[in-house]
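The values are calculated or read from the model by the stated rules, or taken from the named source; none is laboratory data. Treat the numbers as computed from the prediction; the structure is a model and nothing was measured. Because the Cβ atoms are built from the backbone with ideal geometry, glycine has one as well, and the counts that use them run over all protein chains shown.
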Amino acid sequence: MVVRVVLIDDEEWALKYFEYQLKQVANFEIVGKFTSPVEGKRVIEQLDVDLVFLDIQIPDMNGMELAEKLLERKPTLPIVFVTAYDEYAIQAFKLNALDYILKPVSKDRLLKTVERVQEQQAESNNRIVVKDSLHLHLFQQMRLFYKVDYDHKSIPITWRTKKAEQLFLYLVHHRNQLVDKVFLVELLWPSFDYDRGFQQLYTTIYYIRQTLKDFSSYFIIKSMGDDYMLELNNVEIDVETFDDIINLDLTLSALTVHEFEKAVTLYEGDYLQKYDYVWAEGERHRRQLQWLNKALKLTDWYREQSNLNKALSLSLEICQRFPLEEKAYLQIMKISNELGDFITVQRKYKKLKEILLTELDIQPQEDITAWYHHWESNL
């Protein structure tokens with residue numbers, strides 16, 4: 001099989017030497033050699049190319065910036081970076097053996113790279129093929145699923161760096177919106193100067209594209225001048241489904257209870273709960289209050305319908321998530337009383353008093369205290 005290759009290096013002699021070495025180790029067809037990254041990009045986007053060897057240190061455009069622009073158009077294109085600086089490659093980019101080779105390029109190292117490219121292409125034939133929509137969960141932590149028959153299978157995502165994970169989630173958080181590149185540099189690499197910061201940004205976007213290349217038709221990262229934009233195509237998001245139900249502003253009844261239950265069930269944990277991202281706190285708090293409002297209404301409705309077990313279970317869940325929510329404690333006490341579980345009534349009131357005193361230095365609300373004392377006097 002002939003491998004169609006493009007070489008990009010700002011030094012003409014390096015291109016000629018590279019071409020000579022390539023012809024010694026495999027059946028390559030050099031379809032283009034370029035000292036201009038702009039010209040190289042144009043040809044790669046037009047031709048059927050199997051592999052690109054790209055010098056990291058090229059004038060006018062950082063090699064990582066060029067790589068992520070190429071992957072925007074061709075997400076599965078194998079790119080091998082070439083650098084004269086071992087420390088630069090390893091420390092700045094932390095790339096694996098497939099991603100970079102060092103100058104001067106040896107035949108043995110080149111042969112290993114070719115073998116790894118071929119292995120990666122073979123592995124791609126065994127990757128998950130998703131024909132329908134993807135399901136993205138953001139409550140509690142990010143998880144990705146695809147549907148098989150009537151079941152949902154998890155798609156494992158391994159991020160190269162924590163910054164790549166955070167940047168992807170930030171773009172998801174602001175999906176379908178322009179996100180300023182300078183702002184991203186200041187957010188993620190505040191201690192870096194702009195040159196180093198942009199270098200890290202381009203590298204991190206490259207990582208994201210590589211991680212999600214099997215799902216590039218679902219997650220589309222566009223570089224638009226000074227901005228990025230993430231577009232989601234045929235991706236169902238749990239928080240959007242939750243928001244859709246909330247925005248209906250339904251009155252709870254036998255006809256709408258299933259929508260309330262769906263919203264409460266969707267909320268598997270706080271929005272991006274696993275991650276300590278300051279920028280997510282506003283949305284996290286907003287959805288906490290929305291869930292709490294729906295859950296409290298639902299417990300009241302369950303009690304009115306004499307479904308005490310459901311009412312108790314949901315009230316306990318509320319207390320677990322919101323330990324200072326006094327209405328939930330009162331609900332548990334009332335339900336426990338109706339079930340004849342008087343010990344739980346006493347324990348819950350005692351626990352509520354302790355936690356409010358410890359956390360806020362206050363006593364329970366007057367109506368709760370009055371209810372408890374009235375209940376206690378009738379024992």
When you scan segment 73-89, do you find a residue that is modelled with pLDDT of 85 or more, within 15 Å of residue 209 (Cα to Cα) and in a helix (DSSP H, G or I), even just one? yes
Is it the case that some residue within segment 343-362 is in contact with a helix residue (DSSP H, G or I) (Cβ under 9 Å, 6 or more places away or on another chain), of a type outside the set (Gly, Ala, Ser) and closer than 23 Å to residue 242 by Cβ? no
Any chance segment 345-365 includes a residue that's within 44 Å of the chain's Cα centre (by Cα) and of a type in the set (Phe, Trp, Tyr)? yes
Within segment 259-273, is there a residue that is among the charged types (D, E, K, R), in contact (Cβ under 8 Å) with a residue 60 or more places away in the chain and not assigned by TED's automatic domain parsing to the domain that holds residue 177? yes
With 186, 236 as the choices, which residue is of a type in the set (D, E, K, R), touching a strand residue (DSSP E or B) at 6+ places or on another chain (Cβ under 8 Å) and either under 30 Å from residue 146 (Cα atoms) or surrounded by fewer than 20 Cβ atoms within 10 Å (Cβ to Cβ) (or both)? 236
Testing residue 359 on (1) surrounded by 16 or more Cβ atoms within 10 Å (Cβ to Cβ); (2) out of contact with any Asp or Glu (no Cβ under 6 Å at 6 or more places or on another chain); (3) touching a residue at least 12 places away in the same chain (Cβ under 8 Å), one condition comes back false. Which one is that? (1)
Of the candidates 102, 98, 167, the one satisfying the condition of being aliphatic (A, V, I, L, M) and modelled with pLDDT of 80 or more is 167
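Any idea how many residues of segment 257-283 are part of a helix (DSSP H, G or I) and either surrounded by 13 or more Cβ atoms within 10 Å (Cβ to Cβ) or touching a helix residue (DSSP H, G or I) at 6+ places or on another chain (Cβ under 7 Å) (or both)?
Within segment 257-283, residues that are part of a helix (DSSP H, G or I) and either surrounded by 13 or more Cβ atoms within 10 Å (Cβ to Cβ) or touching a helix residue (DSSP H, G or I) at 6+ places or on another chain (Cβ under 7 Å) (or both) number 12.
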For residues that are in contact (Cβ under 8 Å) with a residue 12 or more places away in the chain and of a type in the set (Phe, Trp, Tyr), scanning just segment 3-54, find the one that is nearest to residue 101 (Cα to Cα). 53
Please go through segment 321-379 and give me each residue that is of a type in the set (A, V, I, L, M), closer than 26 Å to residue 289 by Cα and assigned to a loop (DSSP other than H, G, I, E, B), ordered by number. 324, 362
Evaluate the following for residue 288: is it without any contact (Cβ under 8 Å) to a residue 60 or more places away in the chain and of a type in the set (S, T, N, Q)? yes
